[in-house]
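Undergrad: Next up is a structure, given as structure tokens.
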Amino acid sequence: MNTASETRRHPVRWVLLLSLLPGLSLVAPSPSATAVGVDLVGPMSSSQCASGTFCLWSSALYAGSFWSTSSQSLVNVGGVTGARSLWNRTGFAVRVYSAAGGGGSSSCFAPGTQKSQVALASFSVKVLTTTAC
């Protein structure tokens with residue numbers, strides 16, 4: 001039986017338990033996360049990249065902060081402006097820009113591209129309407 005004194009002695013247990021509850025996030029989204037088709041959440045893995053989305057992670061091997069979009073509008077990235085892994089699960093090519101608003105240099109990723117280790121400035125993203133870059 002858990003008592004108040006046990007809860008105080010083992011706060012880490014409670015934080016871990018609460019973090020496992022579905023729909024509960026201990027990471028507050030940034031204001032840019034409210035854009036249509038954009039999700040910004042806490043630490044993830046490649047299994048969290050839903051079909052039909054383009055996903056970025058702040059660390060290699062699909063770790064760290066996670067960002068995704070399915071919008072075909074140019075979207076400024078919030079939270080993962082230095083991507084270390086990515087997965088294009090859309091059916092279209094995706095262009096990633098090194099500056100906000102589609103500025104700077106860009107890299108294009110064909111549908112299905114999955115990179116567990118990459119160094120990419122990712123300040124804005126556009127899902128194209130074609131499959132070719």
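Undergrad: Could you tell me which residue of segment 59-84 is farthest from G112 (Cα to Cα), considering only residues that are in contact with a Lys or Arg (Cβ under 6 Å, 6 or more places away or on another chain) and among the small types (G, A, S)?
TA: My answer is S59.
Undergrad: Looking only at segment 110-127, count every residue that is touching a Ser or Thr at 6+ places or on another chain (Cβ under 7 Å), hydroxyl-bearing (S, T, Y) and surrounded by 20 or more Cβ atoms within 10 Å (Cβ to Cβ) and tell me the total.
TA: 1
Undergrad: Here's another thing I want to ask about it. If you take just the strands (runs of 3 or more DSSP E) that sit entirely in segment 60-133, which of them hold at least 3 residues that are in contact with a helix residue (DSSP H, G or I) (Cβ under 9 Å, 6 or more places away or on another chain) and free of Cβ contacts under 8 Å to residues at least 60 places away in the same chain?
TA: Filter on segment 60-133 gives 63-69.
Undergrad: May I ask you to list the residues in segment 71-109 that are within 16 Å of C49 (Cα to Cα) and either acidic (D, E) or exposed (fewer than 14 other Cβ atoms within 10 Å of the Cβ) (or both)?
TA: G91
Undergrad: Tally up the residues in segment 46-59 that are surrounded by fewer than 16 Cβ atoms within 10 Å (Cβ to Cβ) and either in a loop (DSSP other than H, G, I, E, B) or touching a Pro at 6+ places or on another chain (Cβ under 6 Å) (or both), please.
TA: Final tally of qualifying residues: 3.
A short reminder: the numbers here are calculations on the coordinates, not readings from a lab. The model shown is predicted, which means the values in this text are computed figures rather than measured ones. Note that each Cβ is placed from the backbone with ideal geometry, even for glycine, and that neighbours are counted across all protein chains shown.
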